[in-house]
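Step one of this worksheet: look at the structure below.
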Amino acid sequence: MNLTAAAIDRNRVTLTIVALVVIAGVFAFQSLPKAQDPGFIIRTVLITTRFPGASPERVELLVTDKIEKKIQEMPEIDSINSESRTGISVIYANFKESYKVMRPIFDDLRRKVDTVKADLPQGALAPEVNDEFGDVFGSVYTLSGDGFSYAELKAVADELRDELLKEPDIAKVSIHGQQQEVIFVEYNNARLSELGLSPQQLSASLATVNILSSGGDIVSGRERITLEPSGNFESVADLQRTVIQLPGGALVYLEDIVDIYRGYKDPPRSVSRVNGEPTLAIAVSMRDGGDILKLGERLDVLMPELVSRYPWGITIEKVWFQAALVADVVQAFSSSLVQAIVIVILVMIAFLGLRTGVVVGSLIPTTIIASMFTMQIFDISINQISLTALIISLGLLVDNAIVIVESILVRRAKGQNAITAAIETGRELSTPLLISSLTTAAAFMPIAMAKSAVGEYTADIFYVVTIALLSSWLLAMTFVPMLTTVALKVEPAGNNGAEPFEGRWYAFYRNLLSLSLRCQYRFLAVIVMLFVIAIFGLGLVRQQFIAPSEDPVLAAKLELPLGTSIETTQQVIAEVDAFIEATYFEPASGERRVRNWLTFIGEGGPRFKLNLNPPNPNPANSFVIANTLRGEDVDEVIAGIENYVHENHPDLAAQVKRLENGPPVDYPIIVRISGSDFDALYSIADQVTGFLYSLPQVSNAKNSWGLQTKKLRVDIDQELARRSGVTSEDVAYSLQSGLTGIDLTQYREGDELIPVTLRTIAADRQDFSKLDGLTVYSQSKGNNVPLKQVANVELTFEPGIIERRDRDRTLSLNVQLRGVATAAEVADVLVPWLEQSEQGWPAGHTFAIGGETEESGDANASIAAELPMAGMFILLLLVWQFNSLRKPAIIIATIPLGLIGVTFGLLVANSSFGFFTILGLISLSGIIINNAIVLLDRIAIEIRDFGRTQADAVMVACQQRMRPILLTTATTVLGMTPLLWGGTAMFKPMAITIIFGLAFATALTLLVVPVLYSMFFRVSFSPSEAAG
């Protein structure tokens, strides 16, 4: 008993199973995690090592290079990028995208880095390994309070963090914009010299008093009692009352010779501002596997409740709330899916009649809901990619029901009873339809197999399409035939099995087909000519990797020249904030555009989205995230900020753009120039920059190394220093304590450790002219020596940053483009010029192109690498189905010709060719294969079961399959229209590709396939035979 017979024989069981699956699917849709985008693995680890006071070149040679050498030993490494700046080394270890389980690899990296610690220079701190670089903080709030001090706001933020971490769906809470509290011990150089004290002596005195050491233990009877000596500072008063012994033996309190007070680290490492005002940003990260919508609902209830516990004036504002964006995306795509389902069902009813249309159309919602149930089993979330995959599937899955019902109607018209017709149709078509479903699914296989982040991002298309197609096949073999036995009434035609194919559409197609079959070579010549024109026409289509997001959000990276102080950065950003406020937030005239914005100064803030890389911490850099009232306001605000920055702050490099879709791409084009010589790198960069600015598409080209920065070099005369009893360490200590300050010890307050910093008073610290007059304390002789007596201070220049890629010094030119200019068109001009110019560069200096061009190439290459495997699988299925090599060759030969309609559609719609266009081509290939399989199988049935000649079989089979193929085309094309007119820009190229490509692919199936069949099998058509 076959599957169809079993389903009809036990129809109550079939109905019960279908009903249970539908109910489970409805519950699955409600419980499945919702997300804006599917996740992909961040395979990057950040290693940060501080080497206070060291120049970038010393950091590079003594820290960065040693760590990179050790990391490079790992076979899983793909690339290593690093930045060596004054006092800090930052290394990005990027692993190959073929690896999926990263925890063992990350642990191995930690062990590798640990082995380097012993080789690092004295003064370098232990490397910090951050293997949670990809953690996403989907909710960000700002905390403000009019009239409240920073300390009070920080206490509130800490309490909020503790409360939020109690929630089961929250994994992490980070606070940004917080300042490091410090106990300052400020001295006057003149006063210390008068007392005969040095900063070193003060430091030693405090270190011996502030201890937390065990005093051992003592046995008393049956007990052992621990001894704990006092001495550690428990209050600022303890520090103030510390007794200091002067060189003459006199004792004084510390507060009598220095000023002691609480403050915050000066200058701050980072600052946060909301709507132009200081704030603390509280970022919330969801646990793995959580539902962002449910977490958002919980936070909407919890945050107001928590804030209500505090005094009036404490305010919390939502600045980034991904749950709201996800809700909008899911609602929009769910609406598109429902519209597409309704459109397809109406098309079925219009073409097939009410009863038949309802039977065929019942397969669609049942399959979609059943797919939801299966998605839950395989842990596939509801996101814009998976919902798009369901929309793509509509036209594919309805084809199974159309073919089944069409065949049943034909059999019943020939006199078979309802049950026999259904069972025989199921037996006849189960294998062909299964093969066609599997080959269509296999066309999407390279997407899931691609070893790239883009492949991971779009892999749900393959999984969901496969689930939908197999669910459709199973229902088409069971549920649909069962419905036809009770819902369809067909009167026998009584025409002895002849198929009339009456009507003007059949007549038109018959005439066109017969003409094509009689003029085979001329017909194919026209098709080949159109294909060649399409190939050339594709070069006229603008290229874009993935269109940006249309969310009402913009992000801005603002970079001042390297070496800029954070105080200067704050002043510049304050002016930018004032412009945004006056122009878009609270305009004197016109409509408000910006809802709110959050600025991070000196850091990049949290990772708001998986595909948004936060900038590196740097006093010269800032990052802005702004929410507009509407999505269409974003472009206007971007243009306004760019123009303001260009006109008022020409030294401020601004990259203002919409959020990205897909894996992160920092710049459209990055020109990487590698070599060993600093001067040569700067010289080559100047040449390339000049050429870039000569291109009309380029708006900005930023040198990632920037200009060389100033440095005051203190050149110690060792002979004079030894005569004066001064060591190099004495000089360095006196300079540091006199200018930036030295951390002496730590003050413990509750569970917090607050550093105690020794520094000179502001009058000495901030007066550049007093540098020469700075005194150096000689520990060997116990006297003070003027700095200018043992050293000369001179101004020098050095690179502010040294970047490396795979251990080669690499200077990058980050290129931004104007308007609708694309990376591809600029690269077409730039790369040949670079190749020619490279011949005149010093030996060992090379270039590479990165950015969107590189990402697009890598993504396309990752899919292309898997195409042979998918092709072999499809070929095997086709050979299995037909037990022939010629028929698979016919099908494969027709696939590329779908490009004719695609090129026409992209040009007419002024769309772009990118990654999602390629996905559309893959979808198109699956539909072409599916239609061709059913048509060729029908030709074989006409010859085998009805004894027709090959010529007659071709004509009859083509006419019999015309309506199912046209219906498949109509349902697919019309089903894609909600995605075209109501979807996001990211999916429109794919929708255009499928709509226009399929329109021509229909002609391929109905005309090219029979023509190729007649040529491959040497079928001749006389005028009478071709007329059918």
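The values are calculated or read from the model by the stated rules, or taken from the named source; none is laboratory data. Keep in mind that this is a model prediction, so the values were computed, not measured. Cβ placement follows ideal geometry from the backbone for every residue including glycine, while neighbour counts extend to all protein chains displayed.
Points to keep in mind about this one:
- Selection from the range 831-890 of residues that are without any contact (Cβ under 8 Å) to a residue 24 or more places away in the chain and among the polar types (S, T, N, Q): Gln836, Gln839, Asn883, Ser884
Results for (1) part of a helix (DSSP H, G or I); (2) out of contact with any strand residue (DSSP E or B) (no Cβ under 8 Å at 6 or more places or on another chain); (3) within 29 Å of Gly296 (Cα to Cα), shown as yes or no for each residue.
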residue: Thr14; (1), (2), (3): yes, yes, no
residue: Pro38; (1), (2), (3): no, yes, yes
residue: Thr48; (1), (2), (3): no, no, no
residue: Ala54; (1), (2), (3): no, yes, no
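- Residue count for the range 439-463 under the criterion of being surrounded by fewer than 24 Cβ atoms within 10 Å (Cβ to Cβ), of a type in the set (D, E, K, R) and assigned to a helix (DSSP H, G or I): the result is 1.
- The lone exception for Leu560 - which of (1) out of contact with any Lys or Arg (no Cβ under 7 Å at 6 or more places or on another chain); (2) crowded, with 17+ Cβ neighbours inside 10 Å; (3) more than 30 Å from Tyr584 (Cα to Cα) it fails: (3)
- Looking across the range 138-178, the residues that are out of contact with any Phe, Trp or Tyr (no Cβ under 9 Å at 6 or more places or on another chain), among the aliphatic types (A, V, I, L, M) and crowded, with 19+ Cβ neighbours inside 10 Å come down to Leu143, Leu153, Ala157, Leu164, Ile170.
- For Leu744, the stated conditions do not hold, so it cannot be described as at pLDDT 90 or above and buried (at least 17 other Cβ atoms within 10 Å of the Cβ).
- Residues that are hydroxyl-bearing (Ser, Thr, Tyr) and touching a Leu at 6+ places or on another chain (Cβ under 9 Å) were ranked within the range 668-702; the one that is surrounded by the most Cβ atoms within 10 Å (Cβ to Cβ) is Ser674.
- Residues in the range 1-56 that are surrounded by 18 or more Cβ atoms within 10 Å (Cβ to Cβ) and acidic (Asp, Glu): Asp37 alone.
- Remark: pairs (first residue in the range 582-593, closer than 14 Å to Glu636 by Cα; second residue surrounded by 12 or more Cβ atoms within 10 Å (Cβ to Cβ) and of a type in the set (Ser, Thr, Tyr); Cβ separation under 6 Å; 6+ apart in sequence or on different chains) = Arg593/Tyr584; Arg593/Thr628.
- Pairing each residue of the range 612-625 that is touching a residue at least 60 places away in the same chain (Cβ under 8 Å) with any residue that is crowded, with 20+ Cβ neighbours inside 10 Å and acidic (Asp, Glu), provided the two are 6+ apart or on different chains, yields C-beta distances under 7 Å for Asn616/Glu83; Pro617/Glu603; Ala620/Glu559; Asn621/Glu559.
- Evaluation of Ile965 against the conditions (1) in contact with a Ser or Thr (Cβ under 7 Å, 6 or more places away or on another chain); (2) in contact (Cβ under 8 Å) with a residue 60 or more places away in the chain; (3) buried (at least 22 other Cβ atoms within 10 Å of the Cβ) shows that the sole unmet condition is (2).
- Strands (runs of 3 or more DSSP E) fully within the range 761-805 counting 1 or more residues that are at pLDDT 80 or above and under 30 Å from Glu83 (Cβ atoms): 791-798, 801-805
- Residue count for the range 122-153, restricted to those that are under 30 Å from Phe95 (Cα atoms) and touching a strand residue (DSSP E or B) at 6+ places or on another chain (Cβ under 8 Å): 16
- Residue check for Asp808: modelled with pLDDT of 85 or more, loosely packed, with under 13 Cβ neighbours inside 10 Å and not polar (S, T, N, Q): no
- Screening the range 948-990 for residues that are more than 17 Å from Gly361 (Cβ to Cβ) and among the small types (Gly, Ala, Ser) and picking the one that is modelled with the lowest pLDDT gives Gly983.
- The listed residues are Ser1020, Ser1014, and the only one of them that is in the same structural domain as Lys887 (by TED's automatic domain parsing) and modelled with pLDDT of 90 or more turns out to be Ser1014.
- Residue check: Asn511 meets all listed conditions (1) among the polar types (S, T, N, Q); (2) surrounded by fewer than 20 Cβ atoms within 10 Å (Cβ to Cβ); (3) touching a helix residue (DSSP H, G or I) at 6+ places or on another chain (Cβ under 7 Å) but one, namely (3).
- Conditions (1) touching a Pro at 6+ places or on another chain (Cβ under 6 Å); (2) modelled with pLDDT under 90; number of the one not met by Ile566: (2)
Yes or no, residue by residue, for (1) within 32 Å of the chain's Cα centre (by Cα); (2) in a helix (DSSP H, G or I):
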residue	(1), (2)
Val465	yes, yes
Pro481	no, yes
Thr484	no, yes
Pro492	no, no
Arg522	no, yes
Leu530	no, yes
Ile533	no, yes
Phe545	yes, no
Leu562	yes, no
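- Residue identified as small (Gly, Ala, Ser), at negative phi and surrounded by fewer than 20 Cβ atoms within 10 Å (Cβ to Cβ) among Ser622, Ser589, Ser549: Ser589
- Enumeration of residues in the range 133-191 that are within 17 Å of Pro311 (Cβ to Cβ) and among the hydroxyl-bearing types (Ser, Thr, Tyr): Ser144, Ser149, Tyr150
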